[in-house]
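Novice: Please find one structure pasted underneath; my questions will follow.
The values are calculated or read from the model by the stated rules, or taken from the named source; none is laboratory data. Keep in mind that this is a model prediction, so the values were computed, not measured. Cβ: placed from backbone, ideal geometry, glycine included. Neighbour counts: every protein chain shown.
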Amino acid sequence: MNRVVITGIGIVSPVGCVIDEFWSALVEGRSGIRPIQAVATERLTTSSAAQVLGYDATAQFGRKQANSLDRFAQFAVSAARDAVKDAGLKIDEELAPQVATIVGSGAGGLNTLDDAYYRLYGENALTLHPLTIPRFMGNAAPSHVSLDLGLKGPAYSVASACASGAHAIGLAFQMVRSGSVPVAVAGGTEACLSVGTIKAWEALRILSNDTCRPFSKTRTGLVLGEGAAILVLEDRDRAVARGASPYAELRGFGMSSDAVDMLSPDPDGAARAIRAALQDARADLEDVDYVNAHGTGTTMNDRTEIGVLRSVFGAHSERLAISSNKGVLAHSLGAAGALEAAATALTLRDQIAPPTANFEVPDPECDLDVIPNTARPMPIRAAISNSFALGGLNAVLLFARA
Amino acid sequence: MQVLDDVKRIIARQISVPFDQLSPESRLEAIGIESLDVIEIIFALEEKFGIAIGFNANESAALAFETIGQIADEVQKLVAKKAPA
């Protein structure tokens with residue numbers, strides 16, 4: 001079995017599209033949650049979201065190509081270009097057929113669907129844009145990434161709601177580890193801030209009208225976000241041979257399904273995914289120093305997740321440093337697991353645990369060390385990143401120092 | 001009480017139990033109401049009565065409905081508020 005390292009990262013996020021901007025916002029706890037301005041708000045009761053403001057698709061793609069990509073695919077291609085460049089990867093004729101492309105998205109091209117159906121039902125149009133289908137289909141992201149970069153190996157999309165990005169990276173990890181491909185380009189993307197999608201989330205009655213305050217007693221719920229993160233996963237021997245400098249090693253991947261309830265998280269399902277990741281990495285409980293929590297800022301998630309960490313890690317849970325990135329990034333659904341995997345790789349590189357931002361008052365039912373508001377430089381040997389999706393699908397990635 | 005009967009009817013349909021088995025004292029958990037049921041029931045009540053029920057699963061001050069009677073009381077209150085005096 002090959003060892004797998006992260007050699008490249010590409011980011012499109014509400015706090016910047018350059019690694020340093022993204023990482024410094026997370027470390028400083030500077031939130032990207034703002035009043036909604038990208039879409040018409042008069043029919044929304046939700047007032048805030050973490051939007052990728054100032055993203056210029058025309059500058060990235062030119063007018064013609066930008067028009068053929070939904071925003072979720074634009075984000076994925078931008079992030080993938082940056083990740084491959086960051087890795088210093090040269091895609092030549094020999095390598096191209098050996099690079100896998102796996103991109104997660106919870107829902108695909110929602111802006112395209114929203115626009116198309118508004119035209120159809122709202123404006124009584126008789127025809128739709130000819131590229132409606134290729135823009136909105138869920139696999140548009142990996143298709144455009146592979147097309148844009150000339151990646152000709154295995155390629156597909158993954159849909160597991162809030163865990164899509166983590167599942168995509170975990171599956172890519174398994175392919176590189178097994179030797180079926182030497183390199184994979186994997187991550188997640190989501191552009192879900194259309195009026196129709198926000199209304200649909202409002203109907204679930206878990207959105208906050210304030211900001212996202214994970215693990216804080218004063219939490220008011222989930223805030224939607226958007227963005228993308230793509231990682232380059234590479235066989236460690238290959239990376240070392242070409243002189244690449246990895247961010248971190250990906251050591252283990254655990255998956256599970258709750259099979260209990262569509263909306264309420266199940267402690268047993270989450271615990272099984274964490275144990276599976278530990279076992280996959282052959283790691284002991286005491287090896288893990290940091291947890292990048294799912295931490296959505298909903299009462300149900302936060303209390304369940306802390307309880308699960310207590311039950312899985314036992315006495316060691318008191319020594320874990322735990323934080324959620326969602327106070328800064330909000331919840332970008334299918335992109336979240338990938339953005340948080342990127343953050344976890346950077347955590348290991350810099351040996352700094354980013355804080356849980358927007359924290360106000362401790363919740364007695366979340367009484368572990370959740371790193372309130374201030375980052376913590378500390379020795380971090382291994383870290384897990386949790387993603388627990390609506391629908392009960394769980395994915396946990398275990399990273400170690402490169 | 002008309003509102004109570006409507007609430008009972010909506011809940012009975014949502015979880016497929018006989019109308020007569022439900023009373024104001026019925027505890028939601030005891031009659032098998034799950035996470036999805038709660039938001040669907042609230043949505044059905046809002047549609048039926050043209051009201052907005054302030055329910056967010058996260059706010060600590062959120063209405064915590066435990067019985068059918070509590071839901072009916074809240075609906076009654078909102079309907080009364082809506083009607084011109």
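Novice: Return the total of residues in segment A:195-220 being buried (at least 17 other Cβ atoms within 10 Å of the Cβ) and free of Cβ contacts under 8 Å to residues at least 40 places away in the same chain.
Specialist: Qualifying residue count, segment A:195-220: 1.
Novice: On to the next question. Just checking, does segment A:235-256 include any residue being closer than 30 Å to A:GLY32 by Cα and over 19 Å from the mean Cα position of the chain (by Cα)?
Specialist: Yes, there is a match, as at least one residue in segment A:235-256 is closer than 30 Å to A:GLY32 by Cα and over 19 Å from the mean Cα position of the chain (by Cα).
Novice: Going by the structure shown, is B:VAL38 under 25 Å from A:ASP363 (Cβ atoms) and assigned to a helix (DSSP H, G or I)?
Specialist: On the way: under 25 Å from A:ASP363 (Cβ atoms): yes; assigned to a helix (DSSP H, G or I): yes.
Answer is yes for this residue.
Novice: Hey, can you tell me all the residues within segment B:9-36 that are at pLDDT 85 or above and either under 16 Å from A:ALA203 (Cβ atoms) or within 11 Å of chain A (Cβ to nearest Cβ) (or both)? Spell out the reasoning first.
Specialist: In the first step, residues of segment B:9-36 are kept if they are at pLDDT 85 or above; the result is B:9-33.
B:GLN14 - this is the single residue of segment B:9-36 that is at pLDDT 85 or above and either under 16 Å from A:ALA203 (Cβ atoms) or within 11 Å of chain A (Cβ to nearest Cβ) (or both).
Novice: Also, I was wondering about something else. Kindly establish whether B:GLY69 is more than 12 Å from the chain's Cα centre (by Cα) and either under 26 Å from A:SER264 (Cα atoms) or in a helix (DSSP H, G or I) (or both). Walk me through it before giving the result.
Specialist: Values: more than 12 Å from the chain's Cα centre (by Cα): no; either under 26 Å from A:SER264 (Cα atoms) or in a helix (DSSP H, G or I) (or both): yes.
Here the answer is no, as B:GLY69 does not meet what is asked.
Novice: Here's another thing I want to ask about it. Do we have any residue at all in segment A:176-190 that's within 14 Å of chain B (Cβ to nearest Cβ) and either within 30 Å of B:GLU40 (Cβ to Cβ) or within 22 Å of the chain's Cα centre (by Cα) (or both)? Give the steps one after another, and end with the answer.
Specialist: Here is the first cut: in segment A:176-190, the residues within 14 Å of chain B (Cβ to nearest Cβ) are none.
Within segment A:176-190, not a single residue is within 14 Å of chain B (Cβ to nearest Cβ) and either within 30 Å of B:GLU40 (Cβ to Cβ) or within 22 Å of the chain's Cα centre (by Cα) (or both).
Novice: Pull up segment A:209-235, narrow it to residues that are touching a strand residue (DSSP E or B) at 6+ places or on another chain (Cβ under 6 Å) and not hydrophobic (A, V, I, L, M, F, W, C), then point me to the one that is farthest from the other protein chains (Cβ to nearest Cβ).
Specialist: This residue is A:GLU234.
Novice: Does B:VAL75 satisfy the criteria of being in a helix (DSSP H, G or I), away from chain A (no Cβ under 14 Å) and farther than 26 Å from A:ASP261 by Cα? Even if it seems obvious, please write down each step before you answer.
Specialist: Numbers: in a helix (DSSP H, G or I): yes; away from chain A (no Cβ under 14 Å): yes; farther than 26 Å from A:ASP261 by Cα: yes.
Taking the combined requirement at face value, the residue satisfies it.
Novice: Which residues, counting only those in segment A:16-51, are buried (at least 24 other Cβ atoms within 10 Å of the Cβ) and β-branched (Val, Ile, Thr)?
Specialist: Result: A:ILE33, single match.
Novice: A follow-up question, please. Can you list residue pairs whose Cβ atoms sit under 6 Å apart, with the first residue in segment A:281-308 being under 17 Å from A:ALA271 (Cβ atoms) and away from chain B (no Cβ under 14 Å) and the second being part of a strand (DSSP E or B) and of a type in the set (Phe, Trp, Tyr)? Count only pairs 6 or more apart in sequence or on different chains.
Specialist: Note: pairs meeting the criteria are A:HIS294/A:PHE388.
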